[in-house]
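Read the structure below first, then the notes.
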Amino acid sequence: MSKLLRDIRDSFFRTPWPADERTKVKAMIESLVLHVHAPKVRPASLKFRATWAAGLVSAVLLALLTLTGVYLMFYYFPYPDVAYRSMKDLAFVVPFGKITRNLHRWAAHAMVAMVTIHMVRVFLTGGYKPPREANWVAGVGLWVLTLGLSFTGYLLPWDQLAFWAVTVGANMVGSIPGVGGYFRLLLLGDASVGESALLRFYVLHCVVLPLAIFGILGFHIFRVRRDGGLVTSEHAPEESAPEKAIESAAEKAEGKPATAAVAKPKPVAKPKKLISAWPHLLYREVIVTMVTTAAMLALSLWLDAPLEPQADPTRTPNPAKAPWYFLGVQELAHYSAFWGGVFIPAAIIAGLCAVPYFDRHLGGIGRTFPRERLAACTSFMALMTFLAVVTVIGTYFRGPGWAFMYWPH
Amino acid sequence: MSVETPQQDPNPARQGSPRRSWLWKVGVYGLGAAFVQAVWSTFRFARATVSYGPPKKFNLGPLERFAPGLTTFVEGAGVFVKRDEQGVRAMSAVCTHLGCTVRSEGSGFVCPCHGSRYDEEGHVVSGPAPDPLAFYELKQDGKRHLVVDLARPVDPKTRLRGT
Amino acid sequence: MESPQERRWLDLAFALSTAAVVGLVSVAMVREVRRPPLKEQRIVPALGLVDRCESCHDAAQHKGTLIDSHPVERFGCTTCHGGQGLSTTKNEAHLAHLDWERPLFTRLEREANCGTCHQGTAVPDAPLLSSGRRALVTRGCAGCHEIPGLAPPEIAPELDGLSQKVKPAWVRAWLTDPAQIDPAHEMPRFDLKPDQIEALIAFLWTLPGPDLGPHLGPHLGVGAGEPKGDSDRGKIAVGERRCATCHRFEGRGGTFASSLDLAGAKIAPAWMSAYLTDTHRLRPHTRMPGFRIPAAEAADIVAYATEQWVPDTETTPLAKFDGEVRAPLAEQGKKLFADLGCRGCHEVSGVPFVRVGMPLSAMGDKRVGDLVTTTVAGPVSDVPAYVARKVVFPKAFDAPNMTPSKMPSYRLEPTEAMAVGVAVGAMKARPRPAAYVRASKPLTLPVGATGKLIDRYRCLVCHRIGGEGGDISRIPLDGEGSRVTRAWLEQFLKSPTTIRMDQAERMPVLGIDAAEAARLAAWIESSLADARIPDEPAATAEEVAKGKALYEKSGCASCHLAEGKGTMKGPVLDGASERLQFPYVVAMLRLGNAVVPELRHPKETFAPADARAIAAWVCSLPVPKSLQVDPAKVADADAPKADAPKN
């Protein structure tokens, strides 16, 4: 390699290809992309059973969605009827149009599932406990944003599902006593779902919500590193003594004094157990990325994203169903638009955000469903089961007129 | 805060040694192949195969709209219709320099963008325009309307007699 | 820190997943390269459509002539054919899918679809749609259903004073099944229970009617010493008035109006007499022309009717329906009258007009899957077929868990039922752009005296003008002013003659007097001229001679009678110039059916010079002596009408 080429390479990559422990750590710290990882990680956090890889898969799906989403924007016109024609063009005349849309749709479904699974894993392993409370709240925010991106995204094809699901959704917002009509107008920009609503949803879906999700995701990943990596059993107190003050490695590193209110983390890292992130973590990340991508490609090649007939404001399909991840809310809304469609979901989100500030003892963290946290884990799983049950009812057991029946469509 | 264990690393790659598993190589070459595929697919994706632009054929209306001896600009089609005793012709109004629409000025035409000047037959008089203005094929449809085909340039002397 | 074994697993996962991605992307690339390219697309912004049908089909090879008036540049393909124009693959373009529920139009849907742009009843090249739209009017569909553009029908008798006209037994028999009494009658069957019929009769018998008194006249033989009408004279009057053009009796006649076979038993003589002497006083909305038959002639007809038009007691046992009116049921009957939608067609005082059926305004938008079907009704392929079956047998579509349909069953021939289906299938909610709508020019009839005459003689019940009106007269009156001479028209209106022997329907003798005939003839000449018929210079003698030879050569005599030779399949041509205008004959021969498509004339056309020659000869033929009208006689014929009662 000539000197010039070497100089150019060295100007971009400050470290050579890592060969020893020093350069591995240096590479992880110097690189913009890699420095979001800690240079050294706990072997336990690399185990599949510790993470279920759910967070990483969610991030990979988000990357895939961003990529395919940008591609789709080249052929999409956010205007009623023309939007639907865009879907048909993607299906019939745009090169790779169909698979791009399929990828975007299936990855969106998968992301909702994976973010939820990630949340379950974090709860069951106690990952929200001090000092990770804020990161849990950020995670709940990411979950809500993921659902928000799905909600705004499915108006864009301008098919019957899109039109009616958003009509129903907007009316749920409208059912909030007092301010509902105002928020509904904010969302739709008009009295009913039409060209303003489509444009607003387009901007929310392609600009506002992605910026929000990337911002919060940056905070989320940054905090994972700052809070001492993924939660493992090594973060748990050695004996079951929740009141005993412990001190987090992170806080110690930053020299922050522990406040009385926060349980004092104890120095947990056992140095000999740390291994370098390069290549152990990175290699696994590449593999998970490729496996996720392959799975999405396979799904998209042989399963086409659903599309319904063009939106027709004069004809409500019966039953008018949202995508599966909103059918739980729709099922609740069927009992009461405000209480089921707005209040209960809002209460669940608020409750989830509040959990880390009330459940603070550190016993059993880092293990899935530990005996020490039986009550917390059981109640959380009960909530999740409740959501799953209403979702399954809404999906499979509601027919025309939202009547209870087996309806496998 | 941490100290790497001094034990021997089992991965030869990390020792700077070229001895790597062939599976690892398959993966690395695969990543490269996937990148190449992605680039090819992106260019293929971006090449639009469908046009919603204005059609190439443009109905100019009945012949009577154009008086003999006059040059008439038809908006939309972007052509000047020139009718004389021998017949009728359609001359492009698109400057051959960089595609602005030329204006009729005096007996000739001038481009507002970079000042190219053409004479009444579309020949370049001055300015950066490299070629004379193009002439396009004219036909008459069933209703005897003039139809210009912007995809078919013709010799400037070709005239449609017209009925 | 993984063991070498773990490391190998990781390497394997890395290699496999990467290979999978490369492999899957390769599959997508191969698919993309093999994807059929878009060859052609037709964009019609005005209709908001993009049709890619021409990727496979060639519009230049389109069969049929409709493409000439509906060029693909302006209409695209899917406007008339349906299907998914955006598709580039056959199955997705032609068939129904989850994301495109409407497949290609069926034959009936295609014709129905014409009606989304073409308004009015006369839709060219759409016979089912045209006759269906006429049927929507004549069958009174708008009495129960909201149909865009249709007012409440005025097709059935007003029922106020029904008790003056008929006996309860008659109503019982009629409501039990109208078809048994008059198989051709338009009134549908309601499948009423006996007590429902009694309730309806009780209600109808509470309705007061107009005073018949002044019209009883001295000729009915009711009072002592009054001369009774003469049934022999009555028989002649019925024949001369050509009642059989519309009414059926004694085994012949038209089915357009109700059968008179039982009129003698059905209608009270006093009512019948009053009706004939001033039709519109008793029934202002009837389709029957406003006859003002002199009282003596009316008495003759009444006498003939009461003698001849009575049921054979054995085959039509009207007697078994005898019985008293059960007056206490009247309130119940009034409710029933409203619920069943009787008011939709029959006007009565005290019951407001309300449509009891579902609106039909978006019926054409229904998909096959939206239509309720039952095992009785069987599967239906499209909306027109569904409607066609529904109007004939509505109860077949009563699903077990639904309230039974109130719709009565109509006796329609399969073709007419299909026509109704097509007309209903044409009702779609989404309006076409204004530039595409072929509005029916609303018929502007003259107001004032001429308008009153047109209304009184109900010209449009039989004749069509501008696509509106009846089709008893086959040839529309549009252009009639350019076809026939005004003098002939006047004469014909006063005393109609037979022109086409093959035509059963003939113009009734309406009793139009000389002044009225002059007024109507003037209107027809000035307002119903055909601008397409150019003036012709007068014929020359050479043309007449040449025309005679051409006439003989062209075989005209196989239908026409001229100079005593030929047949009477077509109109007699002797004295044609009395009736026909020379320019019209030229145009008709030159352009063939293009001038009057309804004319059953051979399609052959003649060169302009030949057409002139033949027309010249035909118009030179003198009126034969036997057919010459004696002016004195005509004056005689007018005389009695002058002193017809006009009260």
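The values are calculated or read from the model by the stated rules, or taken from the named source; none is laboratory data. As the structure is a prediction and not an experimental result, all values here were calculated from the model. Backbone-built Cβ (ideal geometry, glycine too); neighbour counts: all protein chains shown. For the accessible areas, the whole protein counts, side chains as well, though only heavy atoms, and no ligand, DNA or RNA atoms are used. Shrake-Rupley method; radii C 1.70, N 1.55, O 1.52, S 1.80 Å.
What to note about this one:
- Among the residues of the stretch B:62-96, those identified as farther than 30 Å from A:Val82 by Cα and among the small types (Gly, Ala, Ser) are B:Ala67, B:Gly69, B:Gly87, B:Ala90, B:Ser92, B:Ala93.
- Test: C:Leu47 is touching a residue at least 60 places away in the same chain (Cβ under 8 Å), within 33 Å of the chain's Cα centre (by Cα) and closer than 20 Å to C:Lys428 by Cα: yes
For every residue, the table says whether it meets (1) more than 19 Å from the chain's Cα centre (by Cα); (2) outside the structural domain of C:His280 (by TED's automatic domain parsing); (3) under 17 Å from C:Met427 (Cα atoms); (4) open to solvent by less than 30 Å² (accessible area, probe 1.4 Å).
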| residue | (1), (2), (3), (4) |
| --- | --- |
| C:Thr65 | yes, yes, no, no |
| C:Lys90 | yes, yes, no, no |
| C:Leu98 | yes, yes, no, no |
| C:Gly132 | no, yes, yes, yes |
| C:Leu136 | no, yes, yes, yes |
| C:Leu175 | yes, no, no, yes |
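- Test: residue in the stretch A:87-101 that is surrounded by fewer than 21 Cβ atoms within 10 Å (Cβ to Cβ), out of contact with any helix residue (DSSP H, G or I) (no Cβ under 7 Å at 6 or more places or on another chain) and not hydroxyl-bearing (Ser, Thr, Tyr): no
- Exclusive hit being of a type in the set (Gly, Ala, Ser), open to solvent by less than 80 Å² (accessible area, probe 1.4 Å), more than 14 Å from chain A (Cβ to nearest Cβ) and in a strand (DSSP E or B), set B:Ala67, B:Ala77, B:Ala90: B:Ala90
- Of all residues making up the stretch A:367-409, the number that are assigned to a loop (DSSP other than H, G, I, E, B) and either open to solvent by 50 Å² or more (accessible area, probe 1.4 Å) or modelled with pLDDT under 85 (or both): 11
- Residue count for the stretch A:11-26 satisfying the condition of being touching a helix residue (DSSP H, G or I) at 6+ places or on another chain (Cβ under 9 Å) and more than 14 Å from chain B (Cβ to nearest Cβ): 2.
- Qualifying residues in the stretch C:537-570 (those that are among the aliphatic types (A, V, I, L, M) and part of a helix (DSSP H, G or I)) - the one farthest from C:Ile499 (Cα to Cα): C:Ala541
- Neighbours by Cβ (under 7 Å, 6+ apart or cross-chain): first from the stretch B:102-125, closer than 17 Å to B:Arg89 by Cα and not assigned by TED's automatic domain parsing to the domain that holds B:Arg89; second open to solvent by less than 20 Å² (accessible area, probe 1.4 Å) and not β-branched (Val, Ile, Thr): none
- Residues being among the charged types (D, E, K, R) and under 15 Å from A:Pro39 (Cα atoms) - total across the stretch A:5-29: 5
- Only one entry in A:Ala305, A:Ala346, A:Ala354, A:Ala320 is within 25 Å of A:Leu387 (Cβ to Cβ), open to solvent by 20 Å² or more (accessible area, probe 1.4 Å) and touching a residue at least 12 places away in the same chain (Cβ under 8 Å), namely A:Ala320.
- Residue selected from the stretch C:116-129 under the condition at pLDDT 90 or above and open to solvent by 10 Å² or more (accessible area, probe 1.4 Å), by the criterion nearest to C:Ala594 (Cα to Cα): C:Pro127
- Test: C:Arg8 is among the charged types (D, E, K, R), farther than 30 Å from A:Ala44 by Cα, within 11 Å of chain B (Cβ to nearest Cβ) and open to solvent by 30 Å² or more (accessible area, probe 1.4 Å): no
- Enumeration of residues in the stretch C:448-481 that are open to solvent by less than 20 Å² (accessible area, probe 1.4 Å), among the small types (Gly, Ala, Ser) and closer than 24 Å to C:Arg600 by Cα: C:Gly467, C:Gly470, C:Gly479, C:Gly481
- The one condition from (1) modelled with pLDDT under 90; (2) open to solvent by 30 Å² or more (accessible area, probe 1.4 Å) that C:Ala13 does not meet is (1).
- Residue in the stretch A:39-60 that is in contact (Cβ under 8 Å) with a residue 60 or more places away in the chain, farther than 16 Å from A:Arg121 by Cβ and assigned to a loop (DSSP other than H, G, I, E, B) present: yes
- Residue check, C:His145 touching a helix residue (DSSP H, G or I) at 6+ places or on another chain (Cβ under 9 Å), surrounded by fewer than 22 Cβ atoms within 10 Å (Cβ to Cβ) and more than 21 Å from C:Lys334 (Cβ to Cβ): no
- Cβ separations smaller than 7 Å between residues 6+ apart or across chains give the following pairs from the stretch B:35-56 residues that are at the interface with chain A (Cβ under 7 Å from one of its Cβ atoms) and closer than 16 Å to C:Glu32 by Cα to residues that are modelled with pLDDT under 85 and loosely packed, with under 13 Cβ neighbours inside 10 Å: B:Thr49/C:Pro37.
- Condition check for A:Val286: over 30 Å from A:Tyr79 (Cα atoms), crowded, with 16+ Cβ neighbours inside 10 Å, aliphatic (A, V, I, L, M) and within 20 Å of the chain's Cα centre (by Cα): yes
Residue-by-condition table, conditions (1) modelled with pLDDT of 85 or more; (2) loosely packed, with under 15 Cβ neighbours inside 10 Å; (3) within 13 Å of chain B (Cβ to nearest Cβ):
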position: A:Leu5; (1), (2), (3): yes, yes, no
position: A:Arg9; (1), (2), (3): yes, yes, no
position: A:Val36; (1), (2), (3): no, yes, no
position: A:Tyr71; (1), (2), (3): yes, no, yes
position: A:Tyr75; (1), (2), (3): yes, no, yes
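- Qualifying residue in the stretch C:49-57 (condition: closer than 24 Å to C:Gly425 by Cβ and within 14 Å of chain B (Cβ to nearest Cβ)): yes
Residue-wise test of (1) modelled with pLDDT of 90 or more; (2) facing chain B (nearest Cβ under 10 Å); (3) touching an Asp or Glu at 6+ places or on another chain (Cβ under 8 Å); (4) part of a helix (DSSP H, G or I).
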site: C:Glu2; (1), (2), (3), (4): no, yes, no, no
site: C:Thr18; (1), (2), (3), (4): yes, yes, no, yes
site: C:Val21; (1), (2), (3), (4): yes, yes, no, yes
site: C:Val27; (1), (2), (3), (4): yes, no, no, yes
site: C:Glu32; (1), (2), (3), (4): yes, yes, no, yes
site: C:Glu40; (1), (2), (3), (4): no, no, yes, no
site: C:Ile67; (1), (2), (3), (4): no, no, no, yes
site: C:Glu73; (1), (2), (3), (4): no, yes, no, yes
site: C:Gly85; (1), (2), (3), (4): yes, no, yes, no
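- Only a single item in (1) more than 22 Å from A:Pro309 (Cα to Cα); (2) polar (S, T, N, Q); (3) surrounded by fewer than 21 Cβ atoms within 10 Å (Cβ to Cβ) is not met by A:Thr125, and it is number (3).
- Selection within the stretch A:307-334 - within 22 Å of the chain's Cα centre (by Cα) and either of a type in the set (A, V, I, L, M) or assigned to a loop (DSSP other than H, G, I, E, B) (or both): A:Ala322, A:Pro323, A:Leu327, A:Val329
- Only one of the numbered conditions (1) surrounded by 14 or more Cβ atoms within 10 Å (Cβ to Cβ); (2) hydroxyl-bearing (Ser, Thr, Tyr); (3) within 13 Å of chain B (Cβ to nearest Cβ) is violated by C:Thr106, and that is (3).
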